[in-house]
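Report on the following structure.
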Amino acid sequence: MTPFLDLKTTNAQYRDELVAAATRVIDSGWYVQGTEVKAFEQEFSAYCATKHTIGVANGLDALTLTLRAWKEMGKLQEGDEVIVPANTYIASILAITENRLVPVLVEPDLVTYNLCPKNVEAAITEKTRVILPVHLYGQLADMPAIMAIAKRHSLLVLEDSAQAHGASINGKKAGSWGDASGFSFYPGKNLGALGDAGAVTTSDDELAQVIRALGNYGSHKKYENLYQGVNSRLDEIQAAMLRVKLRHIDKDIAARRAVAKAYIEGINHPSITLPDWQNEQSHVFHLFVIRTNQRNELQQYLLDHDVQSLIHYPLPPHKQHAYSQWETLNYPITEIIHDQVLSLPISPVITTKQTLDIVTKINLFKGN
Ligand SMILES: *Cc1c(COP(=O)(O)O)cnc(C)c1O
């Protein structure tokens, strides 16, 4: 069986370095808010070309705490609207509703699966304060267009970069376009820790300070609390793991792109739409997502032929029980995407033989 993702082999590439880093932390006697986190934050800021990185507990917290910080800073208030793609992973939306802000779901572009600038523009009302683009599957949203809209309407931009570490347009990376950006380092992400982890990047000094305080019980200074904060911090051990992984991320991305290229050059099937790849640097292929109206049949066929695939995501947020108030809303493009997408195995360690074998099998798929 070719697994969808083999994390064991992925991390085994760097086993010696990971063990050395873990040992360093264990032996240091210091496990929270120490030198590893500080060093990772600097290294990740340098990688993204932002002034600040604030380590937090996970990607959801990165988004939630950023919106919360803007509320504390008086830039947002309850009831303000946040424009977000309707086909995103639920976490982007949870961050909005957790803050009692109002998600305004907009249809994505059916070619890129990312936020469609025209639909963003049409959704703007006088209550709109934030645009939250999601760089879905690893491809950067159309940030030049989105930033231009935000500027024209004086809106804040929070990128959800959980799937797009290292993706760039015109040399400008995910995390450095918006006013702030949330990253996840969940183990399966392109930059994955060995447990939960996340970060916010920003070049806004005040925002960075407020987020840092909010994630530390609302405290800038020991035993002094400015806000009713939470405990959401990046652990030393995960920061140490991430420092190792960050050193290799560009090589890992290149390996993912090589797999994507082999799929794109090899797969030739009348009922399959391949992913759009705007330019070499724009996509880091966190996921390789194809689309077909015989999705369930193809997934079963692949499984019967020893290939595991996944669906990202089977049910859109507006069809989830958690948001039953949206049940009657219609998002036809979003629904087509959720009915038709299938994610093929991709990782830095899948072999050329495995990839070409999947290509051959897909091209022999007869369907109904
Ligand atoms: C993974 C993910 C998140 C959430 O990150 P966690 O670290 O799992 O909390 C948010 N948004 C998107 C698009 C994601 O893929």
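The table for this structure:
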{"item": "The one condition in (1) within 17 Å of the chain's Cα centre (by Cα); (2) surrounded by fewer than 24 Cβ atoms within 10 Å (Cβ to Cβ); (3) free of Cβ contacts under 8 Å to residues at least 60 places away in the same chain; (4) closer than 21 Å to P332 by Cβ that V157 fails to fulfil", "result": "(4)"}
{"item": "Odd one out for A141 among (1) small (G, A, S); (2) surrounded by fewer than 24 Cβ atoms within 10 Å (Cβ to Cβ); (3) in contact with a Pro (Cβ under 6 Å, 6 or more places away or on another chain)", "result": "(2)"}
{"item": "Members of region 261-308 that are more than 13 Å from Q139 (Cα to Cα), in a loop (DSSP other than H, G, I, E, B) and of a type in the set (V, I, T)", "result": "I267, I272, T292"}
{"item": "Hits in region 214-237 (condition: buried (at least 21 other Cβ atoms within 10 Å of the Cβ) and of a type in the set (S, T, Y))", "result": "S232"}
{"item": "Among the residues listed as A57, A39, the single one being of a type in the set (A, V, I, L, M), within 16 Å of the ligand (Cβ to nearest atom) and closer than 21 Å to S232 by Cα", "result": "A57"}
{"item": "Boolean, V84 is more than 25 Å from D205 (Cβ to Cβ), in contact with a strand residue (DSSP E or B) (Cβ under 9 Å, 6 or more places away or on another chain), among the hydrophobic types (A, V, I, L, M, F, W, C) and away from the ligand (no atom under 11 Å from the Cβ)", "result": "no"}
{"item": "Top-ranked residue of region 188-213 - restricted to ones that are of a type in the set (A, V, I, L, M) and within 16 Å of the ligand (Cβ to nearest atom), ranked as surrounded by the most Cβ atoms within 10 Å (Cβ to Cβ)", "result": "A199"}
{"item": "Residue satisfying all of: in region 324-368; over 27 Å from the mean Cα position of the chain (by Cα) and over 18 Å from H269 (Cβ atoms); surrounded by the most Cβ atoms within 10 Å (Cβ to Cβ) among these", "result": "K353"}
{"item": "Pairs where the first residue, in region 27-43, is under 14 Å from I54 (Cβ atoms) and the second is of a type in the set (A, V, I, L, M) and in a helix (DSSP H, G or I), C-beta under 6 Å, 6+ apart", "result": "V37/A239; F40/A239; F40/L242; E43/L246"}
{"item": "Some residue of region 162-170 being more than 22 Å from A39 (Cβ to Cβ), touching a strand residue (DSSP E or B) at 6+ places or on another chain (Cβ under 6 Å) and either free of Cβ contacts under 8 Å to residues at least 40 places away in the same chain or charged (D, E, K, R) (or both)", "result": "no"}
{"item": "Number of the condition not met by E107 [criteria: (1) buried (at least 21 other Cβ atoms within 10 Å of the Cβ); (2) closer than 30 Å to L344 by Cα; (3) within 16 Å of the ligand (Cβ to nearest atom)]", "result": "(3)"}
{"item": "Filter pass, L315 being part of a helix (DSSP H, G or I), out of contact with any Asp or Glu (no Cβ under 7 Å at 6 or more places or on another chain), loosely packed, with under 15 Cβ neighbours inside 10 Å and without any contact (Cβ under 8 Å) to a residue 40 or more places away in the chain", "result": "no"}
{"item": "Which listed residue, of R243, R256, is closer than 30 Å to D339 by Cα and under 19 Å from the mean Cα position of the chain (by Cα)", "result": "R256"}
{"item": "Given (1) away from the ligand (no atom under 16 Å from the Cβ); (2) touching a helix residue (DSSP H, G or I) at 6+ places or on another chain (Cβ under 8 Å), index of the condition W177 fails", "result": "(1)"}
{"item": "Matching residues in region 42-54 - criterion: being more than 16 Å from the ligand (Cβ to nearest atom) and not aliphatic (A, V, I, L, M)", "result": "Q42, E43, S45, Y47, C48, T50, K51, H52"}
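Residues checked against (1) surrounded by fewer than 18 Cβ atoms within 10 Å (Cβ to Cβ); (2) aliphatic (A, V, I, L, M):
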residue: E17; (1), (2): yes, no
residue: E36; (1), (2): no, no
residue: Q42; (1), (2): yes, no
residue: H52; (1), (2): no, no
residue: L63; (1), (2): no, yes
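Here is a yes/no grid of residues against (1) out of contact with any helix residue (DSSP H, G or I) (no Cβ under 7 Å at 6 or more places or on another chain); (2) within 25 Å of R24 (Cα to Cα); (3) hydroxyl-bearing (S, T, Y):
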| site | (1), (2), (3) |
| --- | --- |
| P187 | no, yes, no |
| D196 | yes, yes, no |
| E206 | yes, no, no |
| N225 | yes, no, no |
| Q228 | yes, no, no |
| I237 | no, yes, no |
| I249 | yes, yes, no |
| D252 | yes, yes, no |
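The numbers here are math on the coordinates, done by the rules we state, and not lab data. Since the model is a prediction, treat every value here as computed from it, not as a measurement. Note that we place each Cβ from the backbone using ideal geometry, even for glycine, and neighbour counts take in every protein chain shown.
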